[in-house]
Structure formats: C-alpha cells, structure tokens
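Read the structure below first, then the notes.
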Amino acid sequence: MSSFTAQKITDDLTAPIFRRPSLAWVAGFLTSFALMHALVIAVAAYVWGGYGAFGVNSTVGWGNDIASYIYWIGIAVAGTLVSSILLLFRQKWRTGVNRATEAMTVFAINIAGLFPLIHTGRPWVDFWLIPHPNDLALYPQFKSPIVWDVFAITGYATTSVLFFYLGLIPDFATLRDRVNPKLALNLGFVSIPIGKLQRMLYSSLSLGWKGTAANWRHYERAYSQFAWISTPLVIGMHSTIATLLAVSLVPGWHASCFPPYFVSGAIFGGLAMALLLLVPLRSAFKLQEYITLDHLDKLAKIMLGVGSIVTYIYAIEFFSAWYSESQFEKGQFLYRLFGGHAWAFWLMLFCNVVCLQLFWFKRFRRNVWTLLFVAFMVNIGMWLERFNIIVLSLEHDHLPVNWNHYAFTGFDYLLLAGSFGMFFFQFLLFIRVAPIVAIAEVKQTLLHKTNHHA
Amino acid sequence: MPKPGTIVCPMTGIDLGVAALGRPDETAPQGEAPFVAGSFADEAGFVAACKAARAAGRTNLQSWTPYAVHGLDPVLGLQRSLIGRAVFSVAILGFVLCFGMQYHLMVEDWPIIYSGRPYSSWSLWIVPTLELGLLLGALVNLFAAFHTCRLIPDPFSHLPDPRTTDDRFCLAISTAEAPQVELEAWFHAQGAAEVALFSAEKAKAEPEFMIPGQPAAKESIHA
C-alpha cells in the first residue's frame with residue numbers, strides 16, 4: 001500500500017512555491033541574472049559594431065552562433081521526448097520528470113531561436129524570415145531547407161509552449177485554491193499584499209479551471225493530441241536542421257546519416273541537461289519521493305541507448321569518408337583527428353563516448369554524483385560535437401586556398417555564457433512560480449493505482 | 001443525412017465536431033435548481049457513489065476531481081470528446097492550404113529554377129506542409145480545449161469545495177431530481193465526508209467561500 005495521499009502530494013509539490021526562497025536559490029538566481037547580461041553585452045556589441053564582433057571569417061561563416069543554436073535546439077528535443085513520446089508509449093514513470101523537461105524545452109527553444117536571428121547579421125530586417133513577397137513580389141524559395149527551418153522552428157516552438165501551458169492549467173488551479181489571500185509582506189512604510197497578488201496570478205493562469213468530469217475528458221483528449229502533434233514536429237524539426245547541412249556539398253556535412261544523427265544526438269544532450277537539472281532539484285526541494293532514483297536510472301538508460309547510436313554514427317562517418325574514396329571527405333576527417341582544433345574532437349570523444357560507458361553499470365546510474373559527472377561531461381561533449389560539425393567542416397573545405405582558422409572572440413564567450421545564464425535564469429524563476437513536478441498527473445499515477453489495488 | 005447543427009467533412013463524411021463546440025456548458029451545473037454536493041475523501045468511495053447515483057436513475061449529475069479519474073466517463077454517461085475530429089480536419093486543411101500555396105508561388109506566380117530542381121518539386125514542399133498543418137492543428141487543439149472546458153481568465157473559481165483541486169472528490173446531484181433532504185441523506189449513506197448545497201450563482205456572489213479551509217456553503221454543511 002502506498003504511503004502517498006492526495007493531500008501529501010499537494011503539500012510536497014507546492015511547498016517550494018509557498019515557502020521563502022533558500023539562500024542557494026537566491027544566489028543561483030542572481031548569478032544567472034548577471035550572467036544573462038553577458039548575452040545582452042554581446043548582442044549590443046554586435047548590433048553596434050556588426051557581425052565582426054564575433055570570430056567568424058570569410059571561410060567559417062557559421063561559428064559559435066550556429067553551433068550553439070543546434071546545441072540549444074537539442075536540449076529542447078529531449079523535453080519533447082519525455083513529455084510526448086513517452087506519453088504515447090504509456091510510460092507512466094514520465095510523470096515524475098515531465099514538467100521539468102517540458103520547462104527545459106520551452107526555455108531552451110527560446111534561447112535557440114535567438115541565435116538564427118543574431119546570425120542573420122542584420123537582426124532589424126529579420127522580418128524577412130516570415131514568408132511574404134519582397135518589392136519584386138518574389139516569395140522565399142520553398143525548395144530551400146533554410147526556409148524549411150523557419151517553419152520547423154516556428155511550429156515546434158509554438159506547439160511546445162502551448163503543450164506546456166495546457167499541462168500547467170490544473171496545477172495552477174491547485175495553487176489558486178491554496179493561496180492564503182491574507183498573506184502580506186510588511187515593510188513598515190508599505191504592506192505588499194503577496195497573497196492577493198498570487199491569487200490574481202494563479203486565477204488568471206488557471207483560466208477558471210474546475211476539474212469537472214467533462215473538463216478532464218476534453219483536457220486529456222487535447223493533451224494526448226498534443227503528444228501526437230509534437231512527436232512528428234520534433235523529429236521533423238531536428239531532421240530539417242540536419243538536412244539543411246546534409247544537402248550542401250561541404251565535406252563533413254554531405255551525409256545521409258545526418259537526420260538520425262542529429263535527432264539521437266539531441267535526445268542524448270537534452271537528457272544530459274535534464275539530469276543536470278533534476279539531480280540538484282530533487283535534493284534542494286526534497287522531492288526524492290517523486291523524482292526517484294528509478295527515474296534517474298531510466299533516463300540514464302535512455303541516454304546510454306541514444307549515446308550508443310551517436311557513437312556508432314561517429315564511427316560510420318569515418319568509415320564513409322574512407323569507403324567513399326573521396327579525398328575531400330578523407331581530408332576533412334583527418335583534419336578532425338589531427339588539425340588545428342583536434343583537441344575539440346578528442347575531448348568530444350572523451351565526453352560523449354568514454355564517460356558514457358559508466359552507465360553500463362547500475363551502481364553508477366543510481367549514484368547522483370556519477371550522474372551529475374556524466375551529464376556535465378556530455379553537455380560539454382555535445383556542444384563540442386556541434387562545434388566540430390559546423391566549424392571544422394567549414395575550416396577545411398574543398399579548396400586549400402579557402403582553409404582558414406576560426407577563433408572565438410571575447411564576445412563569442414559572452415554570447416555562449418549569456419545563453420546559459422538566460423536558461424538558468426528562466427528555469428530558476430519558473431520553479432518558484434509553478435510546481436516542478438506535475439501535481440495532477442502524479443496524483444493520477446500514484447493514487448489511481450493505489451485505489452485500484454486497494 | 002447528418003444531424004442538424006453538425007458540419008460534416010465533405011471528403012471523409014466524418015463529423016467535424018463543430019457542433020460539440022456549441023453544446024451547452026457541461027462544466028457547470030445546469031438549470032436553476034440548486035445542487036446538493038457531496039465531498040468524498042478517496043477516489044474509490046467517489047466512484048462507487050457515482051455508480052450508485054446512475055443506478056438510482058439520477059441523470060443531472062456533476063463531478064469535480066483533483067485529477068482525471070479514468071473510467072468515470074461511462075459511469076456519468078459522458079460522450080467521447082470530439083476535439084480530435086476538429087483538430088484532424090484543420091490539420092488536413094492546413095496541409096492542403098500550405099501545399100497549394102507553395103504550388104501557386106513556385107509554379108504559377110513566379111517560377112524559378114533553383115538548384116536545377118523542377119518548378120513543381122512536390123517532395124521538397126513536404127516539410128513546410130507538415131509543419132504548417134501540425135501548427136494549425138496545435139492551435140485549434142488548444143483553443144478547442146479552452147472552449148469546450150470553458151476556460152477564460154476568471155478571478156474566482158466556482159467550485160463546491162476548493163479542495164477538489166487538492167484531495168477531495170465531489171459529486172453533485174440536482175435538487176430537481178429529488179428533494180434536498182433526501183439527497184443529503186443519500187450522500188451520507190454513500191460515505192460522503194461533507195455535504196453542501198451548491199449553486200453557480202451563489203459561487204459568483206460569494207467569492208470569499210473559496211478561501212482554503214472555509215466550508216463551501218456555510219448554512220448547510222453536515223460534517
């Protein structure tokens with residue numbers, strides 16, 4: 001017989017919102033807020049001085065911004081895997097971790113969306129990304145994967161936000177009905193009616209949710225349909241990004257394995273980020289009963305599975321280059337092994353392949369410190385993977401006269417660091433406003449089973 | 001012949017579910033007569049009470065639960081949600097519109113040879129077609145859910161017991177079906193933890209009853 005009751009679940013999962021923020025949260029929030037301004041500085045320098053603020057040159061036109069763009073998109077993909085694909089496979093354990101990963105998706109995708117806007121070079125004319133005719137009545141070229149990318153990102157980002165919000169509505173209603181409206185912060189000269197403000201916030205966000213049988217019937221239908229819609233969208237979206245590279249003739253990009261390579265790599269990196277968020281979160285908010293070691297173990301197993309696919313594709317890329325008899329392909333992959341940025345390739349292999357092997361052992365999958373270590377290393381490895389694909393391929397193309405070296409400028413570092421600051425700023429803010437574990441879904445999973453067994 | 005008030009897809013003959021959007025609000029108690037609401041502390045007792053109410057021939061029922069109780073829809077006589085058909089139809093419409101748009105722009109409006117591909121490169125249009133169709137489907141999915149659940153920003157929640165979003169399962173039966181006293185006795189016999197008289201009008205007039213820990217309707221609580 002389970003020790004869970006509905007009251008206990010509500011108390012445990014809403015406690016982090018209604019109690020005072022901890023010192024660790026305040027420190028993390030202020031640090032990420034400050035770090036986010038690195039992004040602002042980098043973008044300001046770029047708008048003021050032009051695209052030359054970053055390290056790109058005439059050979060390597062796609063640098064940090066595109067590598068980071070694909071990295072953040074990948075983070076978002078894993079959230080949809082947990083929220084949608086596991087729902088379609090009726091994996092009930094997902095309810096412990098789906099809210100956190102959905103939040104991760106939404107915050108990662110809005111950061112990812114910034115990078116192509118920056119990458120255009122003139123962000124004030126980014127409205128041309130929206131398909132509409134120019135002065136010559138000419139429309140964008142729909143045969144181009146660049147245009148597909150605009151559709152893919154727009155569709156995926158919008159659907160992710162809608163799905164995320166729909167899932168939150170019943171939990172916002174729970175918060176609405178638990179707010180103490182008399183709660184006030186008395187500063188001496190003024191009293192801030194925190195309770196009333198919270199009530200107003202959650203009443204607005206919950207949209208008058210009642211939780212009647214008819215409500216739940218329509219809600220569950222809409223929720224499962226979002227899963228059906230999101231799954232092809234997310235696979236299509238990341239395959240589109242992969243195709244964008246694969247249809248070009250650049251050695252290192254022109255490979256038919258790119259779509260599955262990118263999708264599995266995205267899930268791999270995204271799950272690593274999910275572990276990086278969930279492990280500290282469950283300890284800080286005392287959620288060990290809801291985000292259990294079993295959950296982390298399962299996420300680690302999925303990581304091991306998709307990570308093995310990624311490892312296989314790393315090998316296939318080299319095999320294809322050798323088997324193709326193309327001197328350009330061979331040259332590209334030799335350059336990755338021994339060229340100017342070879343450290344990035346070998347470090348990627350260490351992070352993504354060597355460290356991952358720890359997950360073959362159960363005791364490492366169920367140890368929070370090993371999970372954190374591997375997740376951290378895989379995050380580094382996955383960013384480096386995108387760096388290798390984008391930068392190293394462009395550095396060493398068909399013509400030796402084009403070969404050039406790419407180096408980060410200070411603003412590149414600020415841009416990258418600022419994107420992490422923005423991500424953690426949003427995530428830390430979110431966990432103080434909404435329950436980080438889906439209350440209604442967890443109740444259904446735990447109590448429905450309990451009642452039937454009883 | 002389709003039923004009056006329904007719109008049927010001309011291609012598939014499937015009811016688009018538009019009529020469902022205009023159905024009476026199923027999420028609030030119907031009619032002028034007040035309801036007697038019984039709160040149950042656990043799902044099993046609540047489901048048993050729902051079954052007993054239906055077995056006793058009660059049809060004007062309403063229920064509030066903290067989570068979706070599977071298997072409750074047939075007990076309460078609820079039909080399957082028709083949101084799926086609306087979303088499917090709009091997604092198909094989106095596919096057709098997006099594909100048609102690309103054909104018109106790339107073949108008829110201003111044909112351009114791009115990478116040696118033919119003007120009508122239908123296989124290259126699949127991605128925008130898929131993405132736009134699914135995006136439209138997602139938008140319709142959300143707004144259809146909002147509409148069918150009557151979700152609009154509302155400062156007050158009209159619940160018989162605010163704990164129904166926490167740990168209480170509430171069943172309400174209209175007093176049009178039986179006298180109030182009889183229904184209250186019936187709820188007690190079913191093991192309800194609390195029984196109260198409830199009406200939507202009352203909830204709107206007295207928002208303060210929503211404060212956690214306060215009884216839903218003060219004058220007729222029988223603990």
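The values are calculated or read from the model by the stated rules, or taken from the named source; none is laboratory data. The structure presented is a predicted model; accordingly, all values stated were derived computationally and were not measured. In this analysis, Cβ positions are derived from the backbone assuming ideal geometry, glycine residues included, and neighbour counts consider all displayed protein chains.
Taking the conditions exactly as written (surrounded by fewer than 18 Cβ atoms within 10 Å (Cβ to Cβ), of a type in the set (A, V, I, L, M, F, W, C) and closer than 17 Å to A:F423 by Cα), does A:F33 satisfy them or not? Steps first, answer last, please.
On the way: surrounded by fewer than 18 Cβ atoms within 10 Å (Cβ to Cβ): yes; of a type in the set (A, V, I, L, M, F, W, C): yes; closer than 17 Å to A:F423 by Cα: yes.
Yes, satisfied.
The set of residues in segment B:35-66 being aliphatic (A, V, I, L, M), touching a residue at least 24 places away in the same chain (Cβ under 8 Å) and assigned to a helix (DSSP H, G or I) consists of B:V47, B:A48, B:A49, B:A52, B:A53.
Quick check on segment B:67-75. Is at least one of its residues in a helix (DSSP H, G or I), aliphatic (A, V, I, L, M) and in contact with a Lys or Arg (Cβ under 6 Å, 6 or more places away or on another chain)? Explain how you work it out, then say what you get.
Of the residues in segment B:67-75, the ones in a helix (DSSP H, G or I) are B:72-75.
Narrowing further to those that are aliphatic (A, V, I, L, M): B:72, B:75.
Okay, now just the ones that are also in contact with a Lys or Arg (Cβ under 6 Å, 6 or more places away or on another chain), so B:75.
Scanning segment B:67-75 turns up at least one residue that is in a helix (DSSP H, G or I), aliphatic (A, V, I, L, M) and in contact with a Lys or Arg (Cβ under 6 Å, 6 or more places away or on another chain).
Is it fair to say B:V96 is surrounded by fewer than 16 Cβ atoms within 10 Å (Cβ to Cβ), out of contact with any Lys or Arg (no Cβ under 6 Å at 6 or more places or on another chain) and at pLDDT 90 or above? Spelling it out, B:V96 is indeed surrounded by fewer than 16 Cβ atoms within 10 Å (Cβ to Cβ), out of contact with any Lys or Arg (no Cβ under 6 Å at 6 or more places or on another chain) and at pLDDT 90 or above. When the residues of segment B:156-176 are filtered to those that are touching a Leu at 6+ places or on another chain (Cβ under 8 Å) and not hydroxyl-bearing (S, T, Y), the one that is farthest from the other protein chains (Cβ to nearest Cβ) is B:I173. So is A:A27 of a type in the set (G, A, S) and under 19 Å from A:A417 (Cβ atoms) or not? Spelling it out, A:A27 is indeed of a type in the set (G, A, S) and under 19 Å from A:A417 (Cβ atoms).
Using the structure shown, decide if B:L151 is aliphatic (A, V, I, L, M) and part of a loop (DSSP other than H, G, I, E, B). Here the answer is yes, as B:L151 does meet what is asked.
Can you name the number of the only condition in (1) touching a Lys or Arg at 6+ places or on another chain (Cβ under 8 Å); (2) more than 30 Å from A:I111 (Cα to Cα); (3) part of a loop (DSSP other than H, G, I, E, B) that A:V437 fails? The number of the failed condition is (2).
Of all the numbered requirements in (1) within 14 Å of another protein chain (Cβ to nearest Cβ); (2) of a type outside the set (V, I, T); (3) buried (at least 21 other Cβ atoms within 10 Å of the Cβ), A:A266 misses one, and that requirement is (1). Inside segment A:168-198, residues that are more than 11 Å from chain B (Cβ to nearest Cβ) and either aliphatic (A, V, I, L, M) or within 20 Å of B:I152 (Cα to Cα) (or both) make up a count of 10. Screening A:L415 against (1) away from chain B (no Cβ under 14 Å); (2) surrounded by fewer than 19 Cβ atoms within 10 Å (Cβ to Cβ) leaves a single unmet condition, (2).
Is it the case, given these coordinates, that A:T120 is hydroxyl-bearing (S, T, Y) and either at pLDDT below 85 or in contact with a Gly (Cβ under 9 Å, 6 or more places away or on another chain) (or both)?
No.
Return yes when B:S115 is within 9 Å of chain A (Cβ to nearest Cβ) and under 26 Å from A:A173 (Cα atoms) and no when it is not. Here the answer is no, as B:S115 does not meet what is asked. Looking only at segment A:199-234, how many residues end up being more than 7 Å from chain B (Cβ to nearest Cβ) and either crowded, with 24+ Cβ neighbours inside 10 Å or touching a helix residue (DSSP H, G or I) at 6+ places or on another chain (Cβ under 8 Å) (or both)? Number satisfying all stated conditions: 11.
Of the residues A:V56, A:V77, which is in a loop (DSSP other than H, G, I, E, B) and in contact (Cβ under 8 Å) with a residue 24 or more places away in the chain? Steps first, answer last, please.
Numbers: A:V77 fails: in a loop (DSSP other than H, G, I, E, B).
None of the others qualify; the one that does is A:V56.
Of all residues in segment B:121-155, those satisfying the criterion of being more than 7 Å from every other protein chain (Cβ to nearest Cβ) and closer than 13 Å to A:F151 by Cα are B:I126, B:T129, B:G133, B:L136.
Consider segment A:103-130 and keep the residues that are buried (at least 17 other Cβ atoms within 10 Å of the Cβ) and in contact with a Leu (Cβ under 9 Å, 6 or more places away or on another chain). The one that is farthest from the other protein chains (Cβ to nearest Cβ) is A:I118.
Residue-wise test of (1) surrounded by fewer than 18 Cβ atoms within 10 Å (Cβ to Cβ); (2) over 30 Å from A:T14 (Cα atoms).
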{"position": "B:P74", "(1), (2)": "yes, yes"}
{"position": "B:A86", "(1), (2)": "no, yes"}
{"position": "B:L105", "(1), (2)": "no, yes"}
{"position": "B:L124", "(1), (2)": "no, yes"}
{"position": "B:G133", "(1), (2)": "no, yes"}
{"position": "B:F146", "(1), (2)": "yes, no"}
{"position": "B:D166", "(1), (2)": "no, no"}
